[in-house]
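J.: Pasting in a structure now, in structure tokens, and then I'll have a few things to ask.
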Amino acid sequence: MTDVEFFVDPSCPWAWITSRWAKEVATERDLSITWRSYCLEIRDNYDVAPTVPAHMRETALAAHAFSHRMLRIFEAARAEAGEAAVDALYTEWGRRYFDSAPGGDDALLAGCLSSCGLGPHLLGAADDVTWDTPIVESMEVAYQFGGPKTQTPTIVVRSTPPYGFKGPVMAPAPTGEAAVRLWDAITVLALEPGFFEITRPRVNRPQPAQVG
């Protein structure tokens, strides 16, 4: 079993799509996935990245702020109930959030907690800034492997030695044998010490509501 850390901002549709691909690959390649916090609101100093179009700025700000609150709940749930609670929360979040209007509300957060069998008291963590400490600590690990101010998702594979990479970003994600083939190909590239980057235009829009 290989431990894999998957750094995610819950509001990112690309990360959600990739996370479902990673879950499928995990059963075929004996991967144990841990969902680690990555906060776009903190990364961008409570602003948005310069690549965000002006007409989408307010929507992005609202989404990142709401996602930040969910990450605090992730960390509180992790401390209280372990990694399985975070896995359940992220799965439930993705199914609900990407079918809702951008921004979200406390009812969505409470619904996620309830569906995962977690106590409603954890809703209070959403506005408790003390949970930002483990979030920032998690982000520092992502920067180490994905580069300064890396994107979400960033993935770290805890092999010997450990290695990591930014991405992959895809829409739609492959399934079945193609999903495993992509993981194997990325692993080969990531283990090559002289290889740094490959990219191409994003011609497809993410459709996160179609996965889960």
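The values are calculated or read from the model by the stated rules, or taken from the named source; none is laboratory data. Fair warning: this is a prediction, and the values are worked out from it, not measured in the lab. Neighbour counts run over all protein chains shown; Cβ positions are idealised from the backbone, glycine included. Ligands, DNA and RNA are excluded from the accessible area calculation, which covers all protein heavy atoms including side chains. Shrake-Rupley method; radii C 1.70, N 1.55, O 1.52, S 1.80 Å.
J.: Counting only residues that are in contact (Cβ under 8 Å) with a residue 60 or more places away in the chain and in contact with a Phe, Trp or Tyr (Cβ under 7 Å, 6 or more places away or on another chain), which one in the range 16-47 is farthest from S159 (Cα to Cα)?
T.: Per the criteria, the residue is W16.
J.: Could you check the range 132-160 and list, in sequence order, the residues that are part of a helix (DSSP H, G or I) and over 17 Å from the mean Cα position of the chain (by Cα)? Show your work before the answer.
T.: So the first thing to find is which residues in the range 132-160 are part of a helix (DSSP H, G or I), and the list is 132-146.
Hit for the range 132-160 is T133, nothing else.
J.: Shifting gears a bit: Among (1) at pLDDT 95 or above; (2) open to solvent by less than 40 Å² (accessible area, probe 1.4 Å), where does S114 come up short?
T.: Result: S114 passes all but (2).
J.: Please count how many residues of the range 79-110 are free of Cβ contacts under 8 Å to residues at least 12 places away in the same chain and in contact with a strand residue (DSSP E or B) (Cβ under 7 Å, 6 or more places away or on another chain).
T.: Qualifying residue count, the range 79-110: 0.
J.: Filter the range 28-42 down to residues that are of a type in the set (S, T, Y) and more than 15 Å from A15 (Cα to Cα), then give me how many there are.
T.: Selection size over the range 28-42: 1.
J.: If I ask for residues that are touching a residue at least 40 places away in the same chain (Cβ under 8 Å) and under 23 Å from G194 (Cβ atoms), which ones from the range 165-182 would you list?
T.: G167, P168, V169, L182
J.: Among the numbered criteria (1) on the phi < 0 side of the Ramachandran plot; (2) of a type outside the set (V, I, T); (3) without any contact (Cβ under 8 Å) to a residue 60 or more places away in the chain, which single criterion is violated by R158?
T.: (3)
J.: How many residues does the range 142-162 hold that are open to solvent by 30 Å² or more (accessible area, probe 1.4 Å) and either touching a strand residue (DSSP E or B) at 6+ places or on another chain (Cβ under 8 Å) or within 16 Å of I198 (Cβ to Cβ) (or both)?
T.: Keep residues of the range 142-162 that are open to solvent by 30 Å² or more (accessible area, probe 1.4 Å), which gives 143-145, 148-149, 151, 158-162.
Applying the additional criterion that residues be either touching a strand residue (DSSP E or B) at 6+ places or on another chain (Cβ under 8 Å) or within 16 Å of I198 (Cβ to Cβ) (or both) yields 144-145, 151, 158-159, 162.
The qualifying residues number 6.
J.: Being more than 18 Å from S11 (Cβ to Cβ) and open to solvent by less than 70 Å² (accessible area, probe 1.4 Å) is the filter here, so list the residues in the range 124-141 that pass it.
T.: Of the residues in the range 124-141, the ones more than 18 Å from S11 (Cβ to Cβ) are 124, 128-130, 133-134, 137, 140-141.
Within the range 124-141, G124, D128, P134, V141 qualify.
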